[in-house]
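The values are calculated or read from the model by the stated rules, or taken from the named source; none is laboratory data. What you see is a predicted model; the values in this text were computed from it and never measured. Cβ: placed from backbone, ideal geometry, glycine included. Neighbour counts: every protein chain shown.
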Ligand code: AQP
């Protein structure tokens, strides 16, 4: 049995970066493996991760419910027996295992997480222990379910590596198969199919995508990742953006003054980011978009095409979200959380026995 698992935090409105980097690979895999008894597909909302940085707590509950609606609107085949949705906070084993894993995570290793360094720079007046510690909770989210494949964007692969290291360390210390070791980055990317859709022959290693996760860039600072917590609304397309406003953001995206449309993430990150968005949002190969614009010089034409795609994507997506009621979501969560509690409690008990807490 192989387990595929992913989650998107409910701290802010998700962006198309989250959608293309985490939702879509997961939904595509869920569709491929729905009702296949050799696979288990877990999509959850890591809501305990939501306030590692400051948020408006009055909106958290509804943001979580909305997050679930987004999974459904994106096409998660929830009617399949092997597809589950749950909230992390409603499955206590996540927090309990996180504490145990904490005690097997060297402080030095946790201190090397680049996201902590970046986020603590951003939120200097609110650097919590939770922000430092959240990769260990993420390891618990993964290891509790013996997950093999975790569709993630590129920024999260360092945390996945940490989860792998914790699992290997504990297996060596206690018993060989206490935890399943999640696959490494290269296998994850291959499993998500990103190598096929994004690989571009004849580019050097700095621009090629293979073996690396996906990183959609900020529209205003394309050397940086598009982030849902960015204070600059023009830097990101959020899933609840008015489609017309989103079009304008694409039309005013930062590019360069080179005057040639070609894909080069290092030298032309703004143009390349737009080409990447255009390919992924339409489920097309990046190479096809590169071919469509080969030799062209009008950046406005590329922007117009991407803006139209974003308009259609958001209009259609928001229409689907509006049709899903809170009651539908609550029913789905009840089933999913019963399942998650049962599976995770079994693993927690095994770990408690291994570390000597139970007989
Ligand atoms: N720009 C991105 N391109 C590709 N994938 C991305 N992800 C995030 N941004 C991009 C992926 O989305 C998933 C969920 O992310 P998360 O909210 O749990 O944490 P995050 O990585 O911190 O995402 P954000 O959007 O940057 O959130 P904030 O700004 O709140 O910190 C992950 O799989 C992530 O890789």
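Worth a mention:
- If the condition is being in a loop (DSSP other than H, G, I, E, B), surrounded by fewer than 22 Cβ atoms within 10 Å (Cβ to Cβ) and within 11 Å of the ligand (Cβ to nearest atom), then segment 12-36 contributes 12, 13.
- Restricted to segment 223-294, the set of helices (runs of 4 or more DSSP H) holding at least 2 residues that are touching a helix residue (DSSP H, G or I) at 6+ places or on another chain (Cβ under 8 Å), within 12 Å of the ligand (Cβ to nearest atom) and not assigned by TED's automatic domain parsing to the domain that holds residue 153 comprises 269-281.
- If only residues of segment 37-50 that are in contact with a helix residue (DSSP H, G or I) (Cβ under 6 Å, 6 or more places away or on another chain) and away from the ligand (no atom under 13 Å from the Cβ) are counted, the one that is farthest from residue 152 (Cα to Cα) is 39.
- Residues of segment 166-183 satisfying the condition of being surrounded by fewer than 16 Cβ atoms within 10 Å (Cβ to Cβ), touching a helix residue (DSSP H, G or I) at 6+ places or on another chain (Cβ under 8 Å) and in contact (Cβ under 8 Å) with a residue 24 or more places away in the chain: 175
- Of all residues in segment 48-55, at least one satisfies being more than 24 Å from residue 167 (Cβ to Cβ) and either assigned to a helix (DSSP H, G or I) or at pLDDT 95 or above (or both).
- Breaking point among (1) assigned by TED's automatic domain parsing to the domain that holds residue 86; (2) surrounded by fewer than 16 Cβ atoms within 10 Å (Cβ to Cβ); (3) more than 13 Å from residue 90 (Cβ to Cβ), for residue 312: (1)
- Boolean, residue 77 is surrounded by fewer than 19 Cβ atoms within 10 Å (Cβ to Cβ), outside any helix (DSSP H, G or I) and within 15 Å of the ligand (Cβ to nearest atom): no
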